[in-house]
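**Student:** Could you have a look at this structure, given as structure tokens, before my questions?
The values are calculated or read from the model by the stated rules, or taken from the named source; none is laboratory data. In this text the structure is predicted, and so the values were computed from the model without any measurement. Note that we place each Cβ from the backbone using ideal geometry, even for glycine, and neighbour counts take in every protein chain shown. Note: areas computed on protein heavy atoms with side chains; ligands, DNA, RNA excluded. Shrake-Rupley method; radii C 1.70, N 1.55, O 1.52, S 1.80 Å.
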Amino acid sequence: MALLVVEDLHKRYGKEEVLRGVSFVLERGETKVIIGPSGTGKSTLLRCINRLTEPDRGRIWLNGVEVTSPRTNIYKIRAQIGFVFQDFNLFTHLTALDNVRLGLIRVKGMGKREATERAMRELERVGLGDKADAYPAQLSGGQQQRVSIARALAMDPKLILFDEPTSALDPELIGEVLQVMIELAEGGMTMLVVTHEMGFARSVADEIIFMEKGVIVEQGPPEVLFTNPRVPRTAEFLRKITEFYGESG
Amino acid sequence: MTAVDWQNLVQGIPSLLRGLLVNLEILFGLIALGFAVGILIALIQVYSPRPLSALAVGYEWFFRGVPEMVLLMLIYFGLRQFRVGITPFIAAVIALGLRSSAYQSQIFRGAIQAVGRRQMMAALSVGMTRLQAIRHVILPQALRLSIPPWSNEFSSVLKDTTLASAIGVIEVFKKARFIMGRNYALALPIFMVVALFFLFLTYAGNWALGALERRYRIPGFEAKGAGERF
Ligand SMILES: Nc1ncnc2c1ncn2[C@@H]1O[C@H](COP(=O)(O)OP(=O)(O)OP(=O)(O)O)[C@@H](O)[C@H]1O
Ligand SMILES: [Mg+2]
């Protein structure tokens, strides 16, 4: 059984049909990268998966539990799905430690001692053990994004969704975040990553999903998509973003 | 002023201070009421679906639109229709408190919106409920942002407590008029003393709020100003 199954997802905003029937599966331990032009519905898709946005139609299962069922406790589901945002979205009024601890205490009901130990471990894992007492505004973008990854990790997620985790970062800070993500992937985490870092996609992704105008145009292993795509549009898009973003990362 | 006038003035001061104490009691009552209702109205306006939030907007429109003096009369005489035994003091706290809640709700709503949807989304994404997110993520930030505009409201309601005299509350303004009635030579000096009282209270209140703001300032924000982080 796949960890995540997405079936025929539809979403419209007003007249605009943003998702027009998206289906794919994610196996346990797999990393899939989603690419596609701006406004294609990539962020909307991620937000639909943990129902931060309600899809209009279609079904989603996580670990055999139907996420889209009205009887499902969505808060329980969300606690099992990490979400890393493009602009970090750390809780501004809390230190790095408290950012990581909040969910442990309030959602998992952990005691303060245990939560602190756990949160410290996650901060150390992303290389920020010494920044536990810093507030978000005192951290660089790269550090903030690593804290937000620690915040997601602390909840023991079955799956982490990344929405362009490096695109708000200065070029010299991208590497440190990608490094953490690479380690996660190698450690067996299941990840769904929207990114245009093609170096990362090539070396880490099991599959790349190319989306355009609310549908999946093509998906497959990076080797295949880069060298021998079925659809000409895929080749064209890959060429464009490789030129634009380069191969680094 | 004659020596007798001076003596009357000095003798009047303890009575004025007892009156001022009543103003302070009204102040705390109305601020507490206005704060609680104001936050509720703001949360409804921001987070509730249409019918409820429209109701909250109507509430705000009513209590900001009716003159305070008229509101005092409406509440005092209105409540007396139903419940004997409502004191002018209680009526004043309710009338001024509800009026203030409308203004405070505007402050809180603006602050909640300045905190932004993204903070709510981040909180929901770790599995918090909306109420948890409001309690642990949105309000702690929104309340910090509210302090500067809230100190305006504080200064304003502090002065408004004297309006309670209109429905018969014996507070500092009323006491000053008693004293003046007994000796018209004291008209100007007695109100100068009352003015000084209020100037002092405004100063002390704003100082305390400033200290509160500094106490809860989020490190790293100093250079960037309040509001969104970016
Ligand atoms: N809350 C919303 N209300 C209305 N329209 C929205 C909303 N969120 C997204 N949209 C619209 O849906 C479309 C898809 O947006 P989405 O953010 O999912 O695209 P994206 O593929 O992530 O783009 P980008 O690469 O620029 O991040 C856009 O046209 C956007 O304007
Ligand atoms: Mg996006």
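**Student:** For A:Phe210, are the conditions met, namely being away from ligand 2 (no atom under 16 Å from the Cβ), aromatic (Phe, Trp, Tyr) and either surrounded by fewer than 18 Cβ atoms within 10 Å (Cβ to Cβ) or closer than 30 Å to A:Glu17 by Cα (or both)?
**Tutor:** It is false that A:Phe210 is away from ligand 2 (no atom under 16 Å from the Cβ), aromatic (Phe, Trp, Tyr) and either surrounded by fewer than 18 Cβ atoms within 10 Å (Cβ to Cβ) or closer than 30 Å to A:Glu17 by Cα (or both).
**Student:** Can you work out which of the residues in segment A:94-107 that are in contact with a helix residue (DSSP H, G or I) (Cβ under 7 Å, 6 or more places away or on another chain) and more than 7 Å from chain B (Cβ to nearest Cβ) is surrounded by the most Cβ atoms within 10 Å (Cβ to Cβ)?
**Tutor:** A:Val100
**Student:** Among the residues in segment B:152-160, are any of a type in the set (Asp, Glu), out of contact with any Phe, Trp or Tyr (no Cβ under 9 Å at 6 or more places or on another chain) and in contact (Cβ under 8 Å) with a residue 40 or more places away in the chain? Give the steps one after another, and end with the answer.
**Tutor:** Looking only at segment B:152-160, we keep the residues that are of a type in the set (Asp, Glu), and these are B:153, B:160.
Going one step further and asking which of them are out of contact with any Phe, Trp or Tyr (no Cβ under 9 Å at 6 or more places or on another chain), we end up with B:160.
Cutting the leftovers down to in contact (Cβ under 8 Å) with a residue 40 or more places away in the chain gives us B:160.
Within segment B:152-160 (the criterion being of a type in the set (Asp, Glu), out of contact with any Phe, Trp or Tyr (no Cβ under 9 Å at 6 or more places or on another chain) and in contact (Cβ under 8 Å) with a residue 40 or more places away in the chain), the answer is yes, since at least one residue qualifies.
**Student:** Among the numbered conditions (1) within 14 Å of another protein chain (Cβ to nearest Cβ); (2) free of Cβ contacts under 8 Å to residues at least 12 places away in the same chain, tell me where B:Ala195 comes up short.
**Tutor:** (1)
**Student:** What's the total number of residues in segment A:78-93 that are more than 8 Å from chain B (Cβ to nearest Cβ), open to solvent by less than 30 Å² (accessible area, probe 1.4 Å) and outside any strand (DSSP E or B)?
**Tutor:** Number satisfying all stated conditions: 1.
**Student:** Mind listing whichever residues of segment A:35-58 are more than 14 Å from chain B (Cβ to nearest Cβ) and more than 10 Å from ligand 2 (Cβ to nearest atom)? So that I can check it myself, show each step before the final result.
**Tutor:** Taking segment A:35-58 as the starting set, the residues that turn out to be more than 14 Å from chain B (Cβ to nearest Cβ) are A:35-42, A:45, A:55-58.
Those that are more than 14 Å from chain B (Cβ to nearest Cβ) and more than 10 Å from ligand 2 (Cβ to nearest atom): A:Ile35, A:Pro37, A:Pro55, A:Asp56, A:Arg57, A:Gly58.
**Student:** Hey, any hits in segment A:51-61 for a residue that's more than 9 Å from ligand 1 (Cβ to nearest atom) and either at pLDDT below 95 or within 25 Å of A:Tyr245 (Cα to Cα) (or both)?
**Tutor:** no
**Student:** Now for a separate question. Any idea which of B:Ser48, B:Ser105, B:Ser53 is over 30 Å from A:Phe162 (Cβ atoms), among the polar types (S, T, N, Q) and in contact (Cβ under 8 Å) with a residue 12 or more places away in the chain?
**Tutor:** Checking each option against the conditions leaves just B:Ser105.
**Student:** I'd like to know if segment A:6-20 contains one or more residues that are more than 15 Å from ligand 1 (Cβ to nearest atom), surrounded by fewer than 19 Cβ atoms within 10 Å (Cβ to Cβ) and over 22 Å from A:Glu164 (Cα atoms).
**Tutor:** Within segment A:6-20 (the criterion being more than 15 Å from ligand 1 (Cβ to nearest atom), surrounded by fewer than 19 Cβ atoms within 10 Å (Cβ to Cβ) and over 22 Å from A:Glu164 (Cα atoms)), the answer is yes, since at least one residue qualifies.
**Student:** Hey, could you check segment A:160-192 for residues that are within 16 Å of ligand 2 (Cβ to nearest atom) and either part of a loop (DSSP other than H, G, I, E, B) or hydroxyl-bearing (Ser, Thr, Tyr) (or both) and say which is surrounded by the most Cβ atoms within 10 Å (Cβ to Cβ)?
**Tutor:** This residue is A:Pro165.
**Student:** Step by step: first the residues of segment A:33-50, then only those that are closer than 22 Å to A:Pro232 by Cβ and open to solvent by 10 Å² or more (accessible area, probe 1.4 Å), then the one that is farthest from ligand 1 (Cβ to nearest atom). Which residue is that?
**Tutor:** Taking segment A:33-50 as the starting set, the residues that turn out to be closer than 22 Å to A:Pro232 by Cβ are A:33-42.
Now narrow it down to the ones that are open to solvent by 10 Å² or more (accessible area, probe 1.4 Å): A:37-39, A:42.
Numbers: A:Pro37: 7, A:Ser38: 3, A:Gly39: 4, A:Lys42: 4 Å.
By that ranking, first place goes to A:Pro37.
**Student:** Could you please find all residues in segment A:123-140 being open to solvent by 20 Å² or more (accessible area, probe 1.4 Å) and either aromatic (Phe, Trp, Tyr) or assigned to a helix (DSSP H, G or I) (or both)?
**Tutor:** Answer for segment A:123-140, where residues must be open to solvent by 20 Å² or more (accessible area, probe 1.4 Å) and either aromatic (Phe, Trp, Tyr) or assigned to a helix (DSSP H, G or I) (or both): A:Glu124, A:Arg125, A:Gly129, A:Asp130, A:Lys131, A:Tyr135, A:Gln138.
**Student:** Among the residues of segment B:198-207, what is the count of those that are of a type in the set (Gly, Ala, Ser) and without any contact (Cβ under 8 Å) to a residue 12 or more places away in the chain?
**Tutor:** Going through segment B:198-207, the residues of a type in the set (Gly, Ala, Ser) turn out to be B:204-205.
After this cut, where a residue has to be without any contact (Cβ under 8 Å) to a residue 12 or more places away in the chain as well, the list is B:204.
Within segment B:198-207, residues that are of a type in the set (Gly, Ala, Ser) and without any contact (Cβ under 8 Å) to a residue 12 or more places away in the chain number 1.
**Student:** If you go through segment B:98-121 one residue at a time, do you hit one that is within 14 Å of another protein chain (Cβ to nearest Cβ) and in contact with a strand residue (DSSP E or B) (Cβ under 6 Å, 6 or more places away or on another chain)?
**Tutor:** No; the residues of segment B:98-121 include none that is within 14 Å of another protein chain (Cβ to nearest Cβ) and in contact with a strand residue (DSSP E or B) (Cβ under 6 Å, 6 or more places away or on another chain).
**Student:** Let me ask something additional. So, restricting to helices (runs of 4 or more DSSP H) that lie completely within segment B:1-116, which ones have at least 3 residues that are open to solvent by less than 50 Å² (accessible area, probe 1.4 Å) and hydroxyl-bearing (Ser, Thr, Tyr)?
**Tutor:** Per the criteria, B:88-115.
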